[in-house]
1. Quick one: is Gln81 farther than 15 Å from Tyr176 by Cβ, open to solvent by 80 Å² or more (accessible area, probe 1.4 Å) and modelled with pLDDT of 90 or more?
2. Where the second residue is of a type in the set (A, V, I, L, M, F, W, C) and at pLDDT 95 or above and the first is open to solvent by 40 Å² or more (accessible area, probe 1.4 Å) and in a loop (DSSP other than H, G, I, E, B) and lies in region 23-47, which pairs have Cβ atoms under 9 Å and are six or more apart or on separate chains?
3. Asp63: modelled with pLDDT under 90, outside any loop (DSSP other than H, G, I, E, B) and surrounded by 12 or more Cβ atoms within 10 Å (Cβ to Cβ), yes or no?
4. Please note which helices (runs of 4 or more DSSP H) are completely contained in region 149-207 and include at least 2 residues that are over 27 Å from Ala117 (Cα atoms).
5. Being over 17 Å from the mean Cα position of the chain (by Cα), on the phi < 0 side of the Ramachandran plot, open to solvent by 60 Å² or more (accessible area, probe 1.4 Å) and of a type in the set (Asp, Glu): is that true of Asp106 here?
6. Would you point out which residue out of Gln121, Gln161 is under 23 Å from Gly87 (Cα atoms) and in contact (Cβ under 8 Å) with a residue 40 or more places away in the chain?
7. Please go through region 72-130 and pick out each residue that is in a helix (DSSP H, G or I) and charged (D, E, K, R).
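The values are calculated or read from the model by the stated rules, or taken from the named source; none is laboratory data. Every value quoted in this text rests on a predicted model; they were computed, and no experiment measured them. Ideal geometry is used to build each Cβ from the backbone, glycine not excepted, and the neighbour counts take in all protein chains shown. Remember, those area values only see protein heavy atoms, side chains included, never the ligands or the DNA or RNA. Shrake-Rupley method; radii C 1.70, N 1.55, O 1.52, S 1.80 Å.
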Amino acid sequence: MAEEQEVKKSKTEYTTVKMTDGRDVQFAGKRKVNKATVIDESKVAMDGDTITLSAGAVSVRMDFRNGETRLIPLPLSLFSQFAGHGGEQKFGDELATPADKPLSEDDMVIAIDDLNAEIQQGKWGKGRAAGGGGVSGASLVVQAIMEATGKDLVTVKAYLQKKLDGDKDLTRRALYDSFRVAGTKTGVIIKRLEEAKVAKTAKLDADAELAQV
């Protein structure tokens with residue numbers, strides 16, 4: 001029997017660099033540049049649905065490992081393009097998953113709808129490190145809950161969001177995994193749906209092929 005070896009995660013080492021503007025900035029590992037959004041609230045005014053920005057309201061700060069730093073104010077004439085680009089990046093990041101846990105098109109739609117629901121409430125949403133991001137198989141979980149309860153999509157999604165809003169420590173992945181537990185009503189449905197999905201994409205009739213082996 002092979003000996004079990006304890007796998008230790010290496011701690012990230014940080015290097016503190018004195019920037020040209022006097023700040024001390026930490027760089028993780030071999031990172032060469034840190035990026036940050038800098039908002040000057042004194043140059044941002046909101047009145048109902050109207051927002052007024054003054055020059056320098058939003059800037060991007062780039063800190064380089066050699067100590068150089070650049071504070072780049074976003075020009076108001078390009079603000080819409082910068083906002084749109086940032087929005088594309090934000091929603092696109094929600095679909096980034098490990099290669100071994102890919103999202104189906106249906107999973108992607110759910111992930112974007114979920115994030116958009118938070119964004120429209122003025123919430124930035126959880127980053128992946130905090131348990132945010134799309135969940136592989138989410139569409140099957142939602143479909144299983146709908147089948148088990150007889151509820152429609154809107155009702156099920158509202159229920160799931162309510163559970164997340166009520167427990168700040170509960171991640172979307174952990175919530176969905178709770179419905180995948182083997183033997184539960186939804187777990188049985190999900191297993192059936194997954195098997196049907198695999199059968200639908202099969203290139204050969206496995207039983208027929210056995211006769212030719």
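1. Numbers: farther than 15 Å from Tyr176 by Cβ: yes; open to solvent by 80 Å² or more (accessible area, probe 1.4 Å): yes; modelled with pLDDT of 90 or more: yes.
Here the answer is yes, as Gln81 does meet what is asked.
2. Lys32/Phe64; Asp40/Ala57; Asp40/Val58
3. Numbers: modelled with pLDDT under 90: no; outside any loop (DSSP other than H, G, I, E, B): yes; surrounded by 12 or more Cβ atoms within 10 Å (Cβ to Cβ): yes.
No: the conditions fail for Asp63.
4. Values: elements: 153-166, 172-178, 185-201.
It comes to 185-201.
5. Values: over 17 Å from the mean Cα position of the chain (by Cα): no; on the phi < 0 side of the Ramachandran plot: yes; open to solvent by 60 Å² or more (accessible area, probe 1.4 Å): yes; of a type in the set (Asp, Glu): yes.
When the stated conditions are applied, Asp106 does not pass them.
6. Working: Gln121 fails: in contact (Cβ under 8 Å) with a residue 40 or more places away in the chain.
Step by step, each of Gln121, Gln161 is checked, and only Gln161 is under 23 Å from Gly87 (Cα atoms) and in contact (Cβ under 8 Å) with a residue 40 or more places away in the chain.
7. We begin by selecting, within region 72-130, every residue in a helix (DSSP H, G or I); these are 76-93, 105-119, 128-130.
Those that are in a helix (DSSP H, G or I) and charged (D, E, K, R): Glu88, Lys90, Asp93, Glu105, Asp106, Asp107, Asp113, Asp114, Glu118, Arg128.
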